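What follows is one structure encoded as structure tokens, with my remarks underneath.
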Amino acid sequence: MLYVPLFLALGIGAGFLVRKRSGLLFVADKICAGLILILLLLLGYTLGGNQSILRNFSLFGIQAAVLAFGGVGGSVLLSSLIYRIFFKEVFLKETRNGR
Amino acid sequence: MAGSIYISIAFVIGVLLGRMGVLPVDTLPPGMMEYVLFGLIFFVGISVGANMEVWKIIKKMHVKIILLPLSVIIGTLAGSAAVSFVLERISFSEALAVGAGFGYYSLSSVLIAQLDGEVLGMIAMLANLMREIFTLLASPLLARFFGRLAPIAAGGATAMDTTLPVITRFCGKEYTVFAIFSGVVLTLLVPLLIPFCLAWR
């Protein structure tokens, strides 16, 4: 999986070079969206062909909801702490204004 | 938002075709999915590279802007790790990998499906899709009760595109730069952190 950082780095380099050419970026964005659609279609296809996955769909849904709760909860709490400590000036100004 | 609908439709069509068994996926040359995935990562890189102007923001703003994506990374991974103990069938590293999607459900699900398996890939898609939808719906409440950075944190990698309009609206225009910066950093980290989390067993 060393290819992942490699392709990412190549992409960043290419993106940086063409950053002012909005036409090319538009095409790149469309290709990106197209590739995502193809890959998710294929992922859906492999899942749809697997009976045991479909039978347990609600279990996976609950697991996903718990994981989403954990991830969002953790990041929101920590960002709230950061906001109060490091962005305090802004925060105090806001509370003083009664917001 | 329109993009999310197309993506969901493509996935549902895939599931239906899979049930009927009409697409010749088994006849695809082996490793082809992998090449398509690398292509996708290359194009994700382009969107990050084209947004490199973002790094100038650090110079203009205070260095403490880095604390925002950092708190999202640590908070998300810690929260995901914590709930993994409740989930019997999800291991610690699998929970970290799903969390490392940071709401970027299309890329994270495909990447995890390739590296781990379709089941965890689907869980990653659902969990990260829920994260995006939750951010779209709950941003006004998050901003009110947890501070102006909370909707940006909840949005994760999507703070640079799909959830940006909501963030701008409920956090204020002055937070748009913070949201784009945090979103770009997290988008960049998704394809790097997921293999790292899954390798750590």
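Derivation of every value follows stated rules applied to the coordinates shown; laboratory data play no part. Given the structure is predicted, the values throughout are model-derived calculations rather than measurements. All Cβ positions, glycine included, derive from the backbone under ideal geometry; neighbour counts span all protein chains shown.
I want to verify a result. In a Gaussian network model of chain B, Cα cutoff 10 Å, which of these has the top mean-square fluctuation: B:E88, B:E118, B:E34?
Looking only at B:E88, B:E118, B:E34, the biggest GNM fluctuation is shown by B:E88.
For B:152-162, what's the mean count of beta carbons from other chains sitting within 10 Å of each residue's beta carbon?
Working: counts 4, 10, 6, 2, 3, 0, 0, 0, 0, 0, 0.
Mean inter-chain Cβ contacts per residue within 10 Å come to 2.
What is the P(r) of the protein assembly as shown, as percent of Cα-Cα pairs per 20 Å bin from 0?
Spelled out bin by bin, the protein assembly as shown gives 35, 57, 8, 0 percent.
Okay, helix-only estimate at 222 nm for chain B: each DSSP H run of n ≥ 4 adds -39500 (n - 2.57), divide by all residues, round to 500 deg cm²/dmol; what do you get?
Working: 10 runs with 149 residues, N = 201.
Roughly -24000 deg cm²/dmol at 222 nm, from the helical runs in chain B.
Counting each pair of different Cα atoms once, what's the Kirkwood radius of chain B in Å, rounded to one decimal? Show your work: numbers first, answer last.
Working: mean 1/r = 0.0566 Å⁻¹.
It is 17.7 Å.
Connecting C-alpha atoms closer than 10 Å in a GNM of chain B, tell me which of B:F92, B:F38, B:F170 has the biggest fluctuation.
Comparing B:F92, B:F38, B:F170 in a Gaussian network model of chain B, the most mobile one is B:F38.
Express the relative contact order of segment B:61-195 as a whole percentage, based on alpha carbon pairs under 8 Å and six or more residues apart in sequence. Provide the component values of the computation, followed by the final result.
Values: 202 pairs, mean separation 35.4, N = 135.
Rounded, it is 26 percent for segment B:61-195.
Quick one: among A:L40, A:L54, A:L78, which has the greatest mean-square fluctuation in a GNM of chain A with alpha-carbon springs under 10 angstrom?
In the Gaussian network model the winner is A:L78.
If one computes the Cα centroid of segment B:158-201 and of segment A:1-72, what distance in Å separates the two points?
15
Other chains' Cβ within 10 Å of A:20-27 residues: what's the mean? Write down the numbers at each step before the final one.
Values: counts 2, 1, 1, 0, 2, 5, 0, 0.
Rounded to a whole number, the mean comes out at 1.
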